[in-house]
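Single-structure report; data block below.
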Amino acid sequence: MTKSVRKLEQQFGVALFDRRARGMALTSHGAALLAHARLIEAQCRFADAEIEALAQGAAGQIRIGAGPYWGPKLVPLAVARLHDRFPKLRVALEVGVNSVILPKLFAGDLDLVMSALTDASSLPVGIAMEDFGEFHLRVVAGRHHPLHRKRRITTRDLAKYSWVLYQHDQDTLNKLTRVMHADGGEPPNIHVVTTSLHAVMQFLRSGPYLACLADAYLSIMPEMDIEIVPFRREIWSFPSGALYHASLRGFAPVSALIETLRSLPRMQRRNGKSSSS
């Protein structure tokens with residue numbers, strides 16, 4: 001290992017580690033090289049998966065990250081359809097907010113992420129993005145929340161109640177705080193933080209809590225006793241879709257998964273309309 005490190009340092013002409021009395025630590029050059037090494041490792045794994053799929057009838061593994069809209073229902077539906085075509089495929093699914101799952105995608109620990117999309121100019125080299133449509137973040141509460149009885153809701157009204165935040169979602173918190181400050185209101189009182197979407201819904205049913213969720217989530221995962229609060233100011237609109245390692249687009253299971261996920265929201269909306277009519 002020591003010889004390999006010294007050879008790399010000679011090759012690049014810089015120190016990759018600081019040698020200290022209590023051990024070694026990466027230098028800034030070493031950290032930069034590590035990021036590229038992880039991507040190279042991921043690309044090698046993608047190649048292994050594709051070769052294995054060709055040899056064994058589409059085996060291998062896909063590691064998926066998904067936001068709260070995609071993860072609970074749409075990704076499982078898409079994966080179930082995928083297994084009809086590729087029964088040997090192994091799937092690992094992690095549901096979380098962007099601040100949790102995007103770093104794992106960029107580091108090569110996830111292959112594909114379905115979530116709110118980031119600015120294309122900020123994406124690392126080798127990450128592709130496909131836009132599936134715009135979502136809108138709304139304030140939601142239990143059906144019996146006092147705010148549902150008000151005709152006009154202000155940010156001061158919102159500031160009176162406790163909020164539930166999903167997975168320390170800083171993006172949502174920043175957007176919500178900006179809207180409340182713009183109207184002269186106090187920042188939201190975040191009294192509960194949870195990693196469980198089920199727990200978010202249970203809090204909303206159990207007391208006068210507020211939360212922010214994409215309106216599309218409630219359209220595909222309708223929750224009894226949970227409704228959008230008639231607050232007229234928009235909290236946040238954002239594009240949502242797929243982020244993935246570009247080299248995987250030619251891998252048949254990934255390509256099929258992306259196309260299935262592209263079509264599912266439309267099908268779910270049509271089914272919802274037909275069931276309600």
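Scanning the chain for long hydrophobic helices, with DSSP H runs required to stretch 27 angstrom or more by C-alpha along their axis and to average at least -0.5 on the Kyte-Doolittle scale, returns 28-56. When a 1.4 Å probe is rolled over the protein heavy atoms, the share of accessible surface on segment 121-243 that falls to carbon and sulfur comes to 50 percent. Think of a 1.4 Å ball rolled over the protein heavy atoms: segment 148-217 then has 52 Å² of accessible area per residue. Our summary of shape: the Cα atoms of the chain have principal axis extents of 71, 51, 31 Å, ordered from largest down, in whole angstrom. Applying 0.36 nm per residue to the separation of Ala25 and Arg262 and subtracting their alpha-carbon distance, the gain on full extension is 81.0 nm. Given +1 at the Cβ of Lys and Arg, -1 at the Cβ of Asp and Glu and no other charges, the dipole of the chain around its Cα centre is 440 debye to the nearest 20. Springs between Cα atoms under 10 Å define the GNM used for the chain, and in it the highest mean-square fluctuation of Ser121, Ser219, Ser162 occurs at Ser121. Taking the helices alone, the chain has a mean residue ellipticity at 222 nm of -13500 deg cm²/dmol, built from -39,500 (n - 2.57) per DSSP H run of at least 4 residues and averaged over all its residues. For segment 11-162, the convex hull spanned by the alpha carbon atoms encloses 234 Å³ per residue. Ranking Leu173, Gln61, Phe203 by how far each Cα lies toward the positive end of the dipole of the chain (charges on Cβ) leaves Phe203 at the top.
Need one number: % antiparallel among DSSP beta bridges in the chain, to the nearest 5.
Working: 27 of 42 bridges.
The antiparallel fraction comes to roughly 65 percent.
Distance between the pseudo-spin-label points of Val193 and Ala35 (7 Å out from Cα toward the beta carbon): 2.5 nm.
The values are calculated or read from the model by the stated rules, or taken from the named source; none is laboratory data. What you are looking at is a predicted structure, and each value in this text was computed from that prediction instead of being measured. Glycine also receives a Cβ, built like all others from the backbone with ideal geometry; neighbour counts cover every protein chain displayed. Please note that ligands, DNA and RNA were not included when accessible areas were found on the heavy atoms of the full protein model with its side chains. Shrake-Rupley method; radii C 1.70, N 1.55, O 1.52, S 1.80 Å.
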